[in-house]
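Reviewing the structure listed below.
Laboratory data are not the source of any read-out in this text; all were calculated from the coordinates shown. In this text, all values refer to a predicted model and were calculated from it rather than measured experimentally. Because the Cβ atoms are built from the backbone with ideal geometry, glycine has one as well, and the counts that use them run over all protein chains shown.
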Amino acid sequence: MVEHWCHRWTILAAVLVCLTLFGSLLVQRPSLLNTFQRPESGLPKVLVNSTTTTVLVWYWAFGYSEHLHGNVCQDRFGIPDCILSDDRSLFPQANFVIFHNRELVSGQQKLPLHLPRPQQQGWVWFSKESPANNGNLRPFAGQFNYTMSYRHDADFFTPYGWLRRREGGTGMTVDDFIPKNKSSLACWVVSNYQAHHERAKVYNKLKEVIKVNVYGGAVGPRLDGEQLLPTISRCHFYLSFENSIFQDYITEKLWKNAFLGGAVPVVLGPSRQNYEAMIPKDSFIHVDDFSSVEELGTFLKILAEDRERYASYFKWKLNYTVETYSHWLVEPYCEICTKRTTLQTPKVYWNLQNWEWK
């Protein structure tokens, strides 16, 4: 009996010693608390009581590298109290950490799940690709607080372009906005030509009705950056055909190639209603407006010959200018700082795949 109680006291003493040593460790290494303690919401809450916001780029998209010297957000974009960095040593103090999707789904990069994650930190999932090109997002369930995307319902809305209303008159007429060197009816620049894409099917029917000049290397000759817009400016119409059709997926094919190139966009993408939420209804031609591709081709031929009616597609330029990001990565990242205090209570995307495809 005595031996039994001695044995029990020996075990109890050993347990007390272990607990004491572990408590001492937590005092000396407070960061260990983050390893075992999970926030009530399931994921970190973003800090809102600090005057400076730190945004950490965990890695750059598509292998791109940007030198972030000095106060980048203030100096380039006039955004104060904003630190943008790709220095991973800042992870413990970062308010937001950005992860570009392509490298995650391809396995080139991984989430830093091995690091103690601060409770006051929000993780941002970033992609400007359509759901068809974003891969399987199920492994990332429950990891992200915010989304950054071309989607209007993203936490950080980063469109490919937008219109800004002009202040005051321009002193110009509609004719001033139409390039004078129109010599081709329609053109299309495509580097990713896939026969199963809807846009390829429409093109193959359309080219039987009208002449379409194709560039980009996939079907026709390549154009370098300096050749792109001057080449498009010589076309009456530009085929702003998206590689896949999803809500809000309206890319540089409209904003840069057609609008800045000075051609009337013929769009293939989301619904006309979706386009009209972003641009004037009389600034573009939608493939869905016609019962057949043959009807579309005939309309384009007639429209190109009707100078007054053709010019009506440029009237919007009297009131608006086209805006795009001066740097499609750095500028949106800095803008996170301007939106921080207006964010709702941080979310947890438990099913990122469903959000992406809804």
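Could you work out how far helix 2-28 tilts from the main Cα principal axis of the chain, as a 0 to 90 degree angle to the nearest 10?
40 degrees
Enter the angle in degrees (range 0 to 90, nearest 10) between the Cα long axis of helix 330-339 and the first principal axis of the Cα atoms of the chain, meaning the one along which they spread out most.
Roughly 70 degrees, rounded to the nearest 10.
Would you mind telling me the antiparallel percentage of the DSSP bridges in the stretch 162-323, rounded to 5? Provide the component values of the computation, followed by the final result.
Details: 4 of 18 bridges.
Here the antiparallel bridges make up roughly 20 percent for the stretch 162-323.
Suppose we keep just the DSSP beta bridges with both residues in the chain; what percent of those would be antiparallel, to 5? Let's see the in-between values first.
Working: 4 of 35 bridges.
Beta bridges within the chain, antiparallel portion: roughly 10 percent.
At 222 nm, what value in deg cm²/dmol follows for the chain if DSSP H runs of at least 4 each add -39500 (n - 2.57) and the sum is divided by all its residues, to the nearest 500? Before the final figure, lay out each step's value.
Values: 11 runs with 101 residues, N = 358.
Calculated at 222 nm, the ellipticity per residue is -8000 deg cm²/dmol.
Test of understanding: what is the full-extension gain from Ser191 to Ser271, defined as 0.36 nm times their sequence separation minus their Cα-Cα distance?
On the way: separation 80, 0.36 × 80 = 28.80 nm, distance 2.38 nm.
26.4 nm is the gain from fully extending Ser191 to Ser271.
From largest to smallest, what semi-axes in whole angstrom does the stretch 198-245 give when each is the square root of 5 times an eigenvalue of its alpha carbon gyration tensor? All intermediate terms of the calculation are to be shown ahead of the outcome.
Working: eigenvalues 73, 34, 23 Å².
The three semi-axes for the stretch 198-245 are 19, 13, 11 Å.
For q values of 0.22 Å⁻¹, compute log₁₀ I(q)/I(0) with the Debye formula on a Cα-only model of the stretch 165-268, without solvent.
-1.22
Taking R0 as 51 Å, what's the FRET efficiency between Arg165 and Arg138 from their Cβ-Cβ distance, rounded to 0.05? Kindly include the intermediate steps, with their values, before the conclusion.
On the way: r = 42 Å, r/R0 = 0.82.
FRET efficiency, Arg165 to Arg138: 0.75.
Mind checking the angle between helix 293-305 and the chain's longest principal axis? C-alpha axes, 0 to 90 degrees, to the nearest 10.
Its long axis makes an angle of about 60 degrees.
Name the residue farthest towards the positive end of the dipole of the chain from the options His67, Met278, Phe246, assuming +1 on Cβ of Lys and Arg, -1 on Cβ of Asp and Glu, about the Cα centre.
Phe246
Provide the per-residue ³J(HN,Hα) series for the stretch 141-157, in order, calculated from phi with Karplus coefficients 6.51, -1.76, 1.60 and θ = phi - 60°, each as a whole number of Hz, with x at glycine and proline positions.
4, x, 9, 10, 9, 9, 10, 10, 6, 5, 5, 5, 8, 6, 5, 10, 7
Assigning unit charges at the beta carbon (Lys, Arg +1; Asp, Glu -1) and nothing else, what dipole magnitude in debye, to the nearest 20, does the stretch 117-221 show about its Cα centre?
Numbers: 14 positive and 8 negative charges, 40 e Å.
Here the stretch 117-221 has a charge dipole of around 200 debye.
List the aspartates and glutamates whose alpha-carbon lies under 15 Å from that of Lys317, not counting same-chain residues fewer than 8 positions away?
Cα-Cα hits under 15 Å: Glu167, Asp175, Asp176, Asp282.
Let me know the charge dipole size of the chain about its Cα centre in debye, to the nearest 20, where only the beta-carbon of Lys, Arg (+1) and Asp, Glu (-1) is charged.
On the way: 37 positive and 34 negative charges, 61 e Å.
That gives a dipole near 300 debye.
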